[in-house]
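Asker: Take a look at the following structure, please.
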Amino acid sequence: MVPRTLGAHTDVTRQLLIQSSLDVEALIRDDLAQAIALAIDLGALSGSGSSGQPTGIKNTSGINTVDFGTAPDLVPTFAQVVEMETKVAEDNALLGNLAYIMGAAMHGALKTTEKATNTAQFVVEPGGTINGYRAIVSNQAAAGDAYFGNFADLLVGMFGGLDIVVDPYTASTSGTVRVVALQSCDVAVRNAVSFCLGNDGGS
């Protein structure tokens, strides 16, 4: 892993500054930290590996894949969901922190998708699991994408802490202060076969 720097910023008006309290300062810090965390999550799932982005699971060479192309509206069948687990198992990687990750639209559709016709048993099981494993809903996953694997094999390296820089100069004519958050980090997939990506094969 190498340091890759990402950042977020917000502009704080003079009116807010003169009425400010410690609660507002904490709110600004939390918002910037959350923006950074979301960017790290997105990079970990689908970073391109170019233009300063890390190489996420989706673009890591050697991961398992399942094509949802024949599924209606790219929503997987129960058989395709099980196939994702099976491919990881065939590579002797079915251990550790196993879970599915998918967007809210796919997760919602699977709540009404029967495992088999007229069984009243749905792909999303009571308790929110899928195929017996945790199902994490994240809109960081692109439409039509589902991930399964051992997320202990997804490493996130942090190079130093979160740096907060206060810039009173950029917009000084309006009395606005810019607050910038910077974090250097990287992502690495330790074992490619620990993961399976399901999608339509073209996105």
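The values are calculated or read from the model by the stated rules, or taken from the named source; none is laboratory data. Please read all numbers here as calculations on a predicted model, not as lab measurements. So basically every Cβ, Gly included, is an ideal-geometry build from the backbone, and we count neighbours across all protein chains shown. What goes into the accessible areas is simple: the full protein's heavy atoms, side chains included, and nothing from ligands, DNA or RNA. Shrake-Rupley method; radii C 1.70, N 1.55, O 1.52, S 1.80 Å.
Asker: Consider GLY149 carefully, then state whether it is in a strand (DSSP E or B), touching a residue at least 60 places away in the same chain (Cβ under 8 Å) and within 14 Å of the chain's Cα centre (by Cα).
Answerer: yes
Asker: If you don't mind, there's one more thing I want to ask. Could you tell me whether ALA181 is of a type in the set (Gly, Ala, Ser), in a loop (DSSP other than H, G, I, E, B) and either surrounded by fewer than 18 Cβ atoms within 10 Å (Cβ to Cβ) or at negative phi (or both)?
Answerer: No; evaluated as a whole, the condition is false for this residue.
Asker: Of the residues GLY144, GLY128, GLY157, GLY149, which is of a type in the set (Gly, Ala, Ser), in contact with an Asp or Glu (Cβ under 8 Å, 6 or more places away or on another chain) and under 23 Å from ALA109 (Cα atoms)?
Answerer: After ruling out the rest, the residue left standing is GLY144.
Asker: Within the range 50-92, track down each residue that is touching a residue at least 40 places away in the same chain (Cβ under 8 Å), part of a loop (DSSP other than H, G, I, E, B), open to solvent by 40 Å² or more (accessible area, probe 1.4 Å) and within 30 Å of SER184 (Cβ to Cβ).
Answerer: Those that are touching a residue at least 40 places away in the same chain (Cβ under 8 Å), part of a loop (DSSP other than H, G, I, E, B), open to solvent by 40 Å² or more (accessible area, probe 1.4 Å) and within 30 Å of SER184 (Cβ to Cβ): GLY52, GLN53, SER61, GLY62.
Asker: Select, from ASP163, ASP153, the only residue that is under 29 Å from ASP31 (Cα atoms), modelled with pLDDT of 95 or more and among the charged types (D, E, K, R).
Answerer: Within the list ASP163, ASP153, the selection yields ASP153.
Asker: I've got another one for you. Looking only at the range 97-146, which residues are closer than 18 Å to VAL66 by Cβ and in a loop (DSSP other than H, G, I, E, B)?
Answerer: Passing the criteria: GLY103, THR113, LYS115, VAL123, ASN131, GLY132, ALA141, ALA142, ALA143, GLY144, ASP145.
Asker: Taking the condition of being among the aromatic types (Phe, Trp, Tyr) and open to solvent by 30 Å² or more (accessible area, probe 1.4 Å), how many residues in the range 126-168 meet it?
Answerer: So the answer is 3.
Asker: Quick one: is VAL123 farther than 30 Å from ARG4 by Cα, in contact (Cβ under 8 Å) with a residue 24 or more places away in the chain and surrounded by 13 or more Cβ atoms within 10 Å (Cβ to Cβ)?
Answerer: Answer is yes for this residue.
Asker: When you scan the range 165-176, do you find a residue that is in contact with a Ser or Thr (Cβ under 9 Å, 6 or more places away or on another chain) and small (Gly, Ala, Ser), even just one?
Answerer: Yes; the residues of the range 165-176 include at least one that is in contact with a Ser or Thr (Cβ under 9 Å, 6 or more places away or on another chain) and small (Gly, Ala, Ser).
Asker: Could you check the range 1-32 and list, in sequence order, the residues that are in a loop (DSSP other than H, G, I, E, B) and either touching a residue at least 24 places away in the same chain (Cβ under 8 Å) or β-branched (Val, Ile, Thr) (or both)?
Answerer: MET1, VAL2, PRO3, THR13
Asker: Of the conditions (1) hydrophobic (A, V, I, L, M, F, W, C); (2) under 17 Å from the mean Cα position of the chain (by Cα); (3) closer than 16 Å to TYR147 by Cβ; (4) open to solvent by 50 Å² or more (accessible area, probe 1.4 Å), LEU38 satisfies every one except a single condition; which number is it?
Answerer: (3)
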